[in-house]
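The values are calculated or read from the model by the stated rules, or taken from the named source; none is laboratory data. Just so we're clear, the structure is a prediction, and the values are computed from it rather than from any experiment. Heads up, the Cβs are rebuilt from the backbone with ideal geometry, glycines too, and the neighbour counts pull from every protein chain shown. Quick note on the areas: whole protein, heavy atoms, side chains included, nothing else; ligands and nucleic acids left out. Shrake-Rupley method; radii C 1.70, N 1.55, O 1.52, S 1.80 Å.
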Amino acid sequence: MRVIVDQDRCVGSGQCALTADDVFDQRDEDGIVVLLDAAPPAERLADVRQAAVMCPALAITVEE
């Protein structure tokens with residue numbers, strides 16, 4: 001799996017970091033998404049997909 005984030009679209013809601021905190025984080029100054037792991041292990045797929053679905057700005061893309 002490959003994860004791509006678009007920081008320009010991110011609105012800082014933090015749903016991704018709450019759903020998959022080993023893959024996503026947020027910048028302290030503005031809450032914008034930070035990708036910690038662009039190629040997480042397959043067992044994290046369900047959580048990463050959920051984070052992408054929950055993103056209100058649709059700033060996360062998951063390629064399988």
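Numbers below:
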quantity	calculated
Pair list, Cβ < 7 Å and 6+ apart or interchain, from segment 39-54 residues that are farther than 15 Å from ALA17 by Cβ and of a type in the set (Asp, Glu) to residues that are open to solvent by 40 Å² or more (accessible area, probe 1.4 Å) and not in a helix (DSSP H, G or I)	none
Count of segment 1-38 residues which are closer than 17 Å to GLU64 by Cβ and open to solvent by 70 Å² or more (accessible area, probe 1.4 Å)	1
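Table: residues versus (1) among the aliphatic types (A, V, I, L, M); (2) assigned to a strand (DSSP E or B); (3) on the phi < 0 side of the Ramachandran plot.
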| residue | (1), (2), (3) |
| --- | --- |
| ASP22 | no, no, yes |
| GLU29 | no, no, yes |
| ALA38 | yes, no, yes |
| ASP47 | no, no, yes |
| VAL62 | yes, yes, yes |
